[in-house]
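Asker: Got a structure for you, written out below as structure tokens; questions coming shortly.
Bear in mind these aren't lab numbers, they're just calculated from the coordinates by the rules spelled out. Because the structure is predicted, anything quoted here is derived from the model rather than measured. Note: ideal-geometry Cβ built from the backbone for every residue, glycine included; neighbour counts use all protein chains shown.
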Amino acid sequence: MENQKLVFGIDIISGSVRSKTKRPVYALIQMLDSEIIEESQISLFRLIRLITSKKPQILAVDSLQEISTEKKELFSFLQSLPTSTKLVQVTGGDRLESLGKIAARYNIHFNKFNPFEEARTTAHLASLGAGYEVVAFENETTIIVSRHRSPGKGGWSQNRYTRKIHGAVLQQSREIEMAIIAAGLRYRKREVKAFGGCSRVIFEVAALRDEIPVNNVRKADVQVRIDGKRLDRIQFRPLKAKPKYLIVGVDPGTTTAIAALDLDGNLVILNSSRMTSLAGVIESLYKVGKPLIIASDVQTMPYSVEKIRRAFNAVGYSPRQDINVPVKFELTSEFTYKNDHERDALSAAVNAFRHYRQKFQSLLRRVPPGHDLEEVKAGIVKGIPLEQVLHGVTQKTGTIETFNATPPATLTENDEKVRVLDGIVKQLRGFIDELKQENRLKDYEITRLQGRLRRVHSERDTRIKRDSEIVKKESTIRGLKERVKEKEKENRRLQKKLKAINDSLLVDSSEERDPVKLLPNLTHECLKEISTKSPVREGEILYIQDKAGWGRNSFRDLSQWKVRAIIISKGDKSTIPNSLIELAHENRVPLLGVTDLRYDRKGQIGSVDRKLFARALREWEIEQDEYDKSKKNEMMEHLFKEYQAERGKEVKKTG
């Protein structure tokens with residue numbers, strides 16, 4: 001079966017790949033060179049085993065949904081297929097068509113409700129070259145050599161057992177590497193070192209799976225798995241890269257318009273432009289298909305349209321008489337166009353299609369199933385008899401081998417020149433092959449150097465990034481050190497402040513004394529400094545060492561702080577000036593003499609006898625009450641005098 005083509009066609013009978021309970025059962029058709037050799041029902045698991053054993057060239061389906069609904073499962077299925085087996089979706093690639101429509105192109109009819117007939121049709125169409133191959137892997141293969149068993153928790157001989165497994169992995173990877181080198185393949189290798197050898201070795205080989213000189217292996221200690229490198233998305237590759245035959249209508253002039261239909265009358269391309277040359281028109285048509293008929297809307301084909309026809313060696317078509325405007329509207333009523341030029345080109349193409357449509361329909365009854373109707377139609381348009389067309393269309397490729405619409409030309413005296421030119425062409429083709437080979441080598445060298453350059457750039461970028469990070473970190477460290485110094489300085493200041501506060505609170509309770517805070521004077525600067533460093537709290541006793549700065553504002557601040565009392569540094573109460581006593585009474589701030597209180601000082605700590613201080617404070621409060629009463633009497637006398645004065649003024653006015 002080396003030169004024979006084995007094709008499998010499948011269709012679901014029951015079940016679904018989406019169901020976890022009822023797995024699908026397939027109708028399987030095995031076709032060898034267009035001859036059915038076996039029909040059977042089979043599960044997906046047995047289908048994979050059968051494909052692995054028989055290795056068909058094609059596995060044909062009408063939809064990938066019959067194999068898998070998820071991308072991951074589809075990749076796994078394609079990975080399980082032999083490298084020589086193609087998965088073909090006969091209904092198209094990215095754009096799907098119905099199976100009936102595809103079969104009609106080959107004049108094949110089937111019962112769409114019979115799974116075996118659908119499987120037979122898919123296999124037949126795939127053998128004729130219809131459909132798209134499903135491509136899921138790049139031209140790169142990954143070979144993974146790993147342990148087949150786990151070392152486990154171990155026992156007396158755990159180290160020897162582990163060393164044996166890892167040594168087997170290392171030995172197997174070396175054998176595979178030698179095989180890859182012997183095959184002349186480029187590869188990259190990554191090893192995971194372990195005790196006694198390697199626990200895992202990965203080869204990335206620049207070759208397809210079927211080019212790898214290694215197979216999947218499972219031994220006692222080691223296993224080898226070969227995986228193709230997956231594409232980002234599934235791609236579809238047509239089995240036959242055959243251009244679509246076109247019926248083209250051309251409207252030449254200042255604005256050139258072209259319209260192209262396929263042989264079924266479907267619009268393929270319609271455009272117009274002022275800037276398009278004949279070369280541009282030819283290039284546009286070449287991109288979308290192969291023009292079979294070049295048509296014009298006038299009886300005499302214009303010279304520019306004739307040049308386009310000759311460029312494609314197509315059949316020319318002109319109407320018996322010029323097509324008038326009402327007929328053009330009728331011909332193009334089913335289509336949408338932008339201007340009159342597109343309408344004229346489209347009417348020429350539609351008119352040519354209608355001319356050949358009857359011939360195309362009559363072929364359906366005369367052409368046996370299994371022939372590519374497009375190739376048959378092309379042969380008929382070129383004037384070839386149907387028997388000769390059917391003889392020239394092979395069932396393997398579905399293409400016309402060699403047909404000439406005209407008899408071969410006779411030899412002339414220019415044959416020698418043609419032979420010489422053919423030799424030159426042959427030499428040039430050989431030279432082109434050499435240049436292509438050299439170009440491939442240079443591409444490989446460029447790729448290698450680009451990879452090396454990327455590595456150098458990566459290392460440089462890493463180094464630059466590391467240096468910049470170091471500079472940033474050093475700058476941050478310097479800033480943090482400055483902040484630490486500032487915080488340490490502030491900490492020392494706060495410790496001194498805290499010590500001063502604690503010292504002011506350390507009073508021997510056994511002596512029954514009250515703490516006193518020392519102030520140098522009552523100037524504005526001193527009070528401001530005290531409020532910043534060690535604020536005066538409510539109820540504290542202040543000892544003033546110097547009378548400098550005494551004034552109404554000082555007593556007002558002391559009154560707001562609500563101090564308990566103020567002690568004068570020298571003398572007793574009788575030595576205090578009356579002006580200060582007056583200000584103290586006015587602001588209700590007790591003012592006491594130091595000699596009356598048994599004041600004591602130890603460093604920065606001051607204290608007074610608690611009983612003497614309480615007695616002096618009571619005396620001050622008595623004086624404060626008398627002061628308040630005297631102030632009230634003075635205010636009443638003042639009010640009475642004002643009243644008398646006002647009353648006297650009123651009496652004088654009335655008298």
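Asker: Across region 562-568, in residue order, what do the Karplus-derived ³J(HN,Hα) couplings come to in whole Hz, using 6.51 cos²θ - 1.76 cosθ + 1.60 with θ = phi - 60° and x for Gly and Pro?
Answerer: 6, 6, 6, 6, 10, 10, 7
Asker: Mind giving me the FRET efficiency for Glu204 and Leu278? R0 is 56 Å, r the Cβ-Cβ distance, nearest 0.05 is fine.
Answerer: Calculated value: 0.65.
Asker: Sticking with this one: Just to check I understand the Karplus step: with θ = phi - 60° and J = 6.51 cos²θ - 1.76 cosθ + 1.60, what whole-Hz values come out for region 31-39, glycine and proline as x?
Answerer: 10, 10, 6, 6, 10, 6, 10, 6, 10
Asker: Then there is this: Using helices alone, I'd like the mean residue ellipticity at 222 nm for the chain: each DSSP H run of four-plus residues gives -39500 (n - 2.57), total over residue count, nearest 500.
Answerer: -15500 deg cm²/dmol
Asker: Read through the labelled values (i) -0.88, -1.23; (ii) -1.06, -1.23; (iii) -0.97, -1.42 and report the label of the one computed as log10 I(q)/I(0) by the Debye sum over Cα atoms at q = 0.09, 0.11 Å⁻¹ from the structure.
Answerer: Here log10 I(q)/I(0) by the Debye sum over Cα atoms at q = 0.09, 0.11 Å⁻¹ agrees with entry (ii).
Asker: Rank the residues Arg200, Arg49 as a footprinting-exposure proxy: fewest other Cβ atoms within 10 Å of their Cβ go first.
Answerer: The most exposed by this proxy come first: Arg49, Arg200.
Asker: Moving to a separate point now. Give, in nm to one decimal, the length gained when the segment between Val327 and Glu38 is fully stretched (0.36 nm per residue of separation minus the Cα-Cα distance).
Answerer: Result for the pair: 98.5 nm of gain on full extension.
Asker: Continuing with this model, one more query. Using modelled amide H (1.01 Å from N, peptide plane; none on Pro or chain starts), what sits under 5 Å from the amide H of Glu540, excluding residues fewer than 5 places away?
Answerer: When sequence neighbours closer than 5 places are left aside, the close amide H contacts are Arg564.
Asker: Hey, another quick one. If you place +1 on the Cβ of every Lys and Arg and -1 on the Cβ of every Asp and Glu, how big does the dipole about the Cα centre of region 9-151 come out, in debye to the nearest 20?
Answerer: Approximately 660 debye in magnitude.
Asker: Normalised by the number of residues in region 139-230, what is the relative contact order in percent for Cα pairs under 8 Å and 6+ residues apart?
Answerer: Result for region 139-230 is 47 percent.
Asker: Which ³J(HN,Hα) values, rounded to whole Hz and listed in residue order, are derived for region 347-357 from phi using the Karplus coefficients 6.51, -1.76 and 1.60 in 6.51 cos²θ - 1.76 cosθ + 1.60 with θ = phi - 60°, glycine and proline given as x?
Answerer: After applying 6.51 cos²θ - 1.76 cosθ + 1.60, I find 5, 5, 5, 5, 5, 5, 4, 5, 5, 9, 5 Hz.
Asker: Okay, next question. For the chain, which longest stretch is free of loop sites, where a loop site is one of the chymotrypsin sites (Phe, Trp or Tyr not before Pro) that DSSP puts outside H, G, I, E and B and that has at most 10 other Cβ atoms within 10 Å?
Answerer: For chymotrypsin sites (Phe, Trp or Tyr not before Pro) (loop position, at most 10 other Cβ atoms within 10 Å), the longest site-free span of the chain is 157-655.
Asker: Given R₀ = 56 Å, FRET efficiency for Glu529-Val651 by Cβ-Cβ distance, to 0.05?
Answerer: Plugging the Cβ-Cβ distance into 1/(1 + (r/R0)^6) gives 0.35.
Asker: Let me ask something else about it. Could you work out how far the C-alpha centroid of region 149-201 sits from that of region 78-124, in angstrom?
Answerer: Using only Cα atoms, the two centres lie 45 Å from each other.
Asker: Pop a pseudo-label 7 angstrom from the Cα along the beta-carbon direction at both Glu191 and Leu494 and give the gap in nm to one decimal.
Answerer: Placing both labels 7 Å beyond Cα along the Cβ direction yields 6.0 nm.
Asker: Starting from the Cα of Ile181, step 7 Å along the direction of its Cβ; do the same at Glu73; then give the gap between the two resulting points in nm.
Answerer: 4.4 nm
Asker: Now, a different point. With point charges of +1 on the Cβ of Lys and Arg and -1 on the Cβ of Asp and Glu, referenced to the Cα centre of the chain, which listed residue (Thr332, Ala348, Ala194) lies farthest in the positive direction of the dipole?
Answerer: The residue sitting farthest along the positive end of the dipole is Ala194.
Asker: Taking the Cα centre of the chain as origin, sum charge times position over the Cβ atoms of Lys and Arg (+1) and Asp and Glu (-1), and report the length of that vector in debye to the nearest 20.
Answerer: 2260 debye
Asker: Defining a contact as two alpha carbons under 8 Å apart and six or more residues distant in sequence, what relative contact order in percent does the chain show?
Answerer: 8 percent
Asker: Expressed in nm to one decimal, what extension gain is obtained for the pair Lys55 and Glu621 from 0.36 nm per residue of sequence separation less their Cα-Cα distance?
Answerer: Length gained, Lys55 through Glu621: 191.8 nm.
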